[in-house]
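To keep things clear, I will list the structure first and then write my remarks on it.
The values are calculated or read from the model by the stated rules, or taken from the named source; none is laboratory data. This one's a predicted model, so the numbers in the text were calculated from it and none came from an experiment. Counting neighbours? That spans all protein chains shown, and the Cβs are built from the backbone with ideal geometry, glycine included.
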Amino acid sequence: MNHVAMVIPGLDRIAGAERQVMLLAKGLRLRGWRVSVVALSGKGGQAAAELTGSGVEFLTLEMRKGLVDPRGWFRFNRWLNRERPQVVHAHLPHAAWLARWSRLHTPIQVLVDTLHSSSTGKFARHFGYRASSWIPDQVTAVSESVAEAHLKAGMVPPNKLTVVPNGVDVEDFCPDPQARSTVRRNLGLDHEFLWLAAGRLEAVKDYPTLLCAFARVPEPAKLLIAGAGSLQSELCRLSANLGLEHRVRFLGFQPDVKPWMHAADGFVLSSRWEGFPLGLLEAGACALPAIATDVPGSRETIVCGRTGRLIPSGSPTALARAMTAMMLVSPKDRRTMGNLARLHVSEHFSIDAMLDRWEKLYGDLLERSYQPHRGVRDPITA
């Protein structure tokens, strides 16, 4: 049985990258792989319990000072020497650097890391990726825009970079009329148009623009915001200052957004940038039409005019107009748009199709590699 280790900074706070890692880990386990998820820090919480319940092994390195904590490096290298996974697959920068430099003195047969954001960071991140670019066998990006940004920054050699998009379980995320009725009844909603936004409450998601836009959207529309983050208090104050207390509800972190997607009539994403927004894929799978800012990542997910609308980022006026226009579309036409969104996600971004691609990539790399070894093979003689 082949063994793949997914390495990620942590699972105590779940966002798109973490959800994707969990989906891949559980999917590969069902396909007969031995799968381990290694977190650099934290305890993993509910996510760790969910993984272990699915037969996925979970390990935390309990690093307390980021990458400068030598105990984490020692634990990881000792674990690699003992368990010898054939494939190590790192996600996000800190995990990528840990896996890359650990390869110099531990047996890693194949090393892959995945880029999840079109934001390339500052000098330190650029230097870290460039200095270690020769170590991994393959680097993948979740979207064309993410790949392009890192190529432009010189952080990844073109011959080592490929795009493997995020995937979504289209059988798990699907319309559910009964759940819709139940959740809306619990929310005290009848025929009101309900918008849903989901994502961490951080600057990149640009919730101030969304709130300012929603203040211009006619009543009786309501807005649910699912997510937690450092800006929660600030956003709650802004909502109150805009007089939206009775129209906007902050749900906090939601480990399962499906019930809220079932209840909603439309999905809205106001991000300044995205890697490849999993929320848009999940909304599409639930047959929700979406309004999103026309930024890299989002524009690769929405077919503008068919599965949703794209509008300029940072413009409350444009966002308010698009949301109002969507609300004025007939229920029948919105259902048509939602069904097209589900079809688009099913055809292009199903988790089964993405697992096929990952298994093929792992298999190809394993065929080309030597047996487990210490360090990296000589690029001249390999």
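For segment 295-326, a residue qualifies if it is hydrophobic (A, V, I, L, M, F, W, C), part of a loop (DSSP other than H, G, I, E, B) and touching a Gly at 6+ places or on another chain (Cβ under 9 Å), and exactly one does: Ile302.
Residues of segment 31-65 that are free of Cβ contacts under 8 Å to residues at least 12 places away in the same chain and not β-branched (Val, Ile, Thr): Ala49, Gly53, Lys65.
Does segment 343-361 contain any residue that is over 17 Å from Leu278 (Cα atoms) and either assigned to a loop (DSSP other than H, G, I, E, B) or outside the structural domain of Met22 (by TED's automatic domain parsing) (or both)? The answer is no, given that none of the residues of segment 343-361 is over 17 Å from Leu278 (Cα atoms) and either assigned to a loop (DSSP other than H, G, I, E, B) or outside the structural domain of Met22 (by TED's automatic domain parsing) (or both).
For segment 163-192, a residue qualifies if it is among the aliphatic types (A, V, I, L, M), surrounded by fewer than 17 Cβ atoms within 10 Å (Cβ to Cβ) and touching a Pro at 6+ places or on another chain (Cβ under 8 Å), and exactly one does: Ala179. Annotation: Ser181 fulfils all but one of (1) farther than 30 Å from Ser346 by Cα; (2) in the same structural domain as Arg335 (by TED's automatic domain parsing); the unmet one is (1).
Scoring Ala95 on the criteria (1) part of a helix (DSSP H, G or I); (2) of a type in the set (Gly, Ala, Ser); (3) surrounded by fewer than 20 Cβ atoms within 10 Å (Cβ to Cβ) leaves a single failure, condition (3).
Residues that are outside any helix (DSSP H, G or I) and either over 23 Å from Ile108 (Cα atoms) or touching a helix residue (DSSP H, G or I) at 6+ places or on another chain (Cβ under 8 Å) (or both) within segment 11-32 comprise Leu11, Asp12, Arg13, Ile14, Ala15, Arg31, listed in sequence order. Of the residues in segment 184-192, not one is assigned to a loop (DSSP other than H, G, I, E, B), touching a Gly at 6+ places or on another chain (Cβ under 7 Å) and either without any contact (Cβ under 8 Å) to a residue 40 or more places away in the chain or of a type in the set (A, V, I, L, M, F, W, C) (or both). So, in segment 295-310, of the ones that are among the β-branched types (Val, Ile, Thr) and buried (at least 20 other Cβ atoms within 10 Å of the Cβ), which residue ends up nearest to the chain's Cα centre (by Cα)? Once the filter is applied, the top-ranked residue is Thr301.
Within segment 65-87, at least one residue is within 18 Å of Arg100 (Cβ to Cβ), part of a strand (DSSP E or B) and in contact with a strand residue (DSSP E or B) (Cβ under 8 Å, 6 or more places away or on another chain).
The residue that is farthest from Leu104 (Cα to Cα), counting only those in segment 136-153 that are in a loop (DSSP other than H, G, I, E, B) and at pLDDT below 95, is Ser143. On the stretch given as segment 232-273, residues that are within 24 Å of Asn186 (Cα to Cα), touching a residue at least 12 places away in the same chain (Cβ under 8 Å) and among the hydrophobic types (A, V, I, L, M, F, W, C) total 13. Can you tell me which residue in segment 21-51 is surrounded by the fewest Cβ atoms within 10 Å (Cβ to Cβ), limited to those that are at pLDDT below 95 and not aliphatic (A, V, I, L, M)? The extreme case among them is Gln46. Residues in segment 288-306 that are at pLDDT below 90 and either of a type in the set (S, T, N, Q) or outside the structural domain of Pro218 (by TED's automatic domain parsing) (or both): 2 in all. Residue selection: Leu104 fails the criterion of being touching a helix residue (DSSP H, G or I) at 6+ places or on another chain (Cβ under 8 Å) and not in a strand (DSSP E or B).
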